[in-house]
Amino acid sequence: MTDPQLVLTERVQQALANAFGAEYADADPLIRPSQFADFQANVAMSLGKRLRRAPREVAEAISAQMSDFPGTVEVSGPGFLNITLDSSWIAGEAGRMLADPRAGVGQSTPPQRIVIDYSAPNAAKEMHVGHLRTTIVGDAMARTLEHLGHTVIRQNHLGDWGTPFGMLIEHLLDIGEDAAVAQLEAGASTEYYQAARAKFEGDETFKTRSRVRVTTLQSGDPETMRLWHVFMEATIRYFNKLYDMLGVTLTDADIAGESMYNPMLEKTCDDLQAMGVAVISEGALCLFPPGFTGSDDKPLPLIIRKSDGGYGYASTDMAAIRYRVDDLKADRILYVVGADQALHFRMVFAAAEQAGWLPDTVSAEHIQIGMMLGKDGKRFKTRSGASVKLMDLLHEAVDRATAAIDDRGYDETTKAEIAHGVGMGAVKYADLSVSHDSEYVFDFDRMLGFTGNTGPYMQYATARIRSIFRRGEIEAAAVTGPILLGEEAERALALHLLSFGSVVEQVGSLIEPHRLCAYLFEIASLFSTFYEQCPVLKEGVDAETRASRLALCALTLRVIETGLDLLGVPVPDRM
């Protein structure tokens, strides 16, 4: 099972070598889908100048070398190659894809160890919508890369350390452990933080206690550490409720918060200073990676130890990158973090390269996450201007999904299951269907729609295919074909299905899950046309045609279900 576009690329490159010499075999054939044929190759237009020959003459020479091709090649206009594949070849490849348990998705060679840093909420504050995209995109990529055969190491870089924890622990003591745990487990961490902050700013005694508590926390005082664990465990239990609701694959074992790197920070700074990479500047220990300047055209510092001896994000990130390379043995490190941190990560990566901690054999990439906007085009917030709590948003998605299916006659249990799947699927798919580095407008009405490129539309497509097999009392997994392509709608669907493996591979390579969404939507749209034009179970359809169309249905179902699973989008049995 091979993507037709890849097959054509190899065939045209072979024809180039045969026609003009081996030095032309690596030229890009510039193959694109075409309205005049299955594909069009435009290489002759660019190669004409290089060969000093007319593009049409070049195209005719290429065409002459493709006589054994399973299809037709026609020269058009000034030198375009219009390529149409034989339907029998498409049918044969689709049949092999149906028989393949992986539906044409290969496994990357060699496999890599890939660290993905994603989600990363702040333990001192409620998870809000700003954490939604980093969590969803990171999890989709973890699933996809694992499916491609890589070893994926999830890292949930919690904000769980630092000076605010002095006042948070003191507030815990003031209100009592039980009350604090109940509040944190209920998701009221923002209110908890605000109450602690108000006391810190208005009560000098509390402020003094908080500062002393920071010192005892940093020194590892056993009782302070116990209280910190009480706070963190309650907070993590609440985070896990959100992760469970979203259906993401993060677990407690994936937590690698700022506290984990705290014991490494002194050595990190000492080692960088000893090798001469870090220097004292205005009392702070700084790195000056080359190529970064401020508005005053002076070198821009990356501060790894403040003038007061404290550490910041750069300190932790430098320690983390060394740990991930040296201890986790990463080949590739993906940081799924907001786009506003782009300069920070460019400087961290450059500094790590300068220190020799990020060798050429390891790739570090910032997967930039764009901002979520409201319908007014501004940052998505509540009417009062506060950040929207993620749990509130997810509950609203389920409530709206419940209302959308309320009249379909399901019992309460079934309705609740479907509504949860539709609500979570709508939120996740809406996010993943746009480029991760772009801003997008959060609009419940659009994302819960059953038309267009939405989660519910994709889920409905799978439910409709399943209904065919239920009506026929047939197990989709037992269908074998063979596939025959007599109608154009059958052919168009089968041809597009063959690209599934290469699309998944592209998504893993480029870290662009929106490509998979676009592909799955096209498959669902082509299936809709097939469904309308090509009866499957209708009386009068002969057995051979029926078997073929059932096979196309089964393959389409497997591709969409697999694709949605890689994205982390649930697929309800019924809609």
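The values are calculated or read from the model by the stated rules, or taken from the named source; none is laboratory data. These numbers were taken from a predicted model, which means no experiment stands behind them. Please note: Cβ atoms are built from the backbone with ideal geometry, for glycine as well, and neighbour counts cover all protein chains shown. Ligands, DNA and RNA are excluded from the accessible area calculation, which covers all protein heavy atoms including side chains. Shrake-Rupley method; radii C 1.70, N 1.55, O 1.52, S 1.80 Å.
Data overview
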item	result
Percent carbon-and-sulfur accessible area, the stretch 174-302, ignoring ligands, DNA and RNA, probe 1.4 Å	53
Modelled FRET efficiency - R0 51 Å, Ala186 with Leu537, Cβ distances, 0.05 increments	0.50
Percentage relative contact order, the stretch 30-89, counting C-alpha pairs under 8 Å, at least six apart	35
Segment Glu487-Asp296, extension gain: residue separation times 0.36 nm, minus the distance between their alpha carbons	62.0 nm
Neighbourhood net charge (10 Å Cβ-Cβ; Lys/Arg +1, Asp/Glu -1) for Arg237	-2
Rel. contact order, % - alpha carbon contacts under 8 angstrom, at least six apart, the stretch 186-330	14
Average accessible area per residue (Å²) across the chain - probe 1.4 Å, nucleic acids and ligands excluded	44
Directionally averaged shadow of the stretch 1-106, computed from the convex hull of its alpha-carbon atoms, nm²	6.9
Fully extended contour minus Cα-Cα distance, from Glu223 to Ala22, at 0.36 nm per residue	65.1 nm
Accessible area (Å², 1.4 Å probe, nearest 10) - Glu23	110
For Cα extents along the principal axes in Å, calculated from these coordinates, the label among [x] 74, 62, 49; [y] 92, 65, 50; [z] 85, 67, 41	[z]
For the stretch 431-575, alpha-carbon Rg relative to the globular expectation (2.2 N^0.38 Å, N residues)	1.08
Solvent-accessible area, 1.4 Å probe, carbon plus sulfur percent, for the stretch 481-575	45
Table column - 3J(HN,Hα) (Hz), the stretch 227-234, Karplus curve with 6.51, -1.76, 1.60, x for Gly and Pro	5, 4, 5, 4, 4, 5, 5, 5
Length-normalised contact order of the chain in % [C-alpha pairs under 8 Å, at least 6 apart]	16
Cut-off 20 Å, label 7 Å out along Cα→Cβ of Leu51, residues of the stretch 18-38 by amide N	18-32
Solvent-accessible ranking of Met260, Met141, largest area first, probe 1.4 Å	Met260, Met141
Carbon + sulfur, % of accessible area of the stretch 1-145 - ligands and nucleic acids excluded, 1.4 Å	47
Residue-span extension gain [Asp270 to Thr361] - 0.36 nm each, minus C-alpha spacing	30.2 nm
Label-point separation in nm, Glu201 to Arg113, each point 7 Å along Cα→Cβ	4.6
Distance violations [Cα-Cα > 30 Å] among Lys125/Lys207; Lys267/Lys389; Lys125/Lys428; Lys125/Lys375; Lys241/Lys267	Lys267/Lys389; Lys241/Lys267
Spatially proximal aspartates and glutamates relative to Lys298 (Cα-Cα < 15 Å; intrachain offsets below 8 disregarded)	Glu282
Spin-label pair Asp252/Thr215, simplified geometry with 7 Å Cα→Cβ offset, distance in nm	3.3
Cα-projected label distance for Glu412 with Thr451, points at 7 Å along beta-carbon direction, nm	3.5
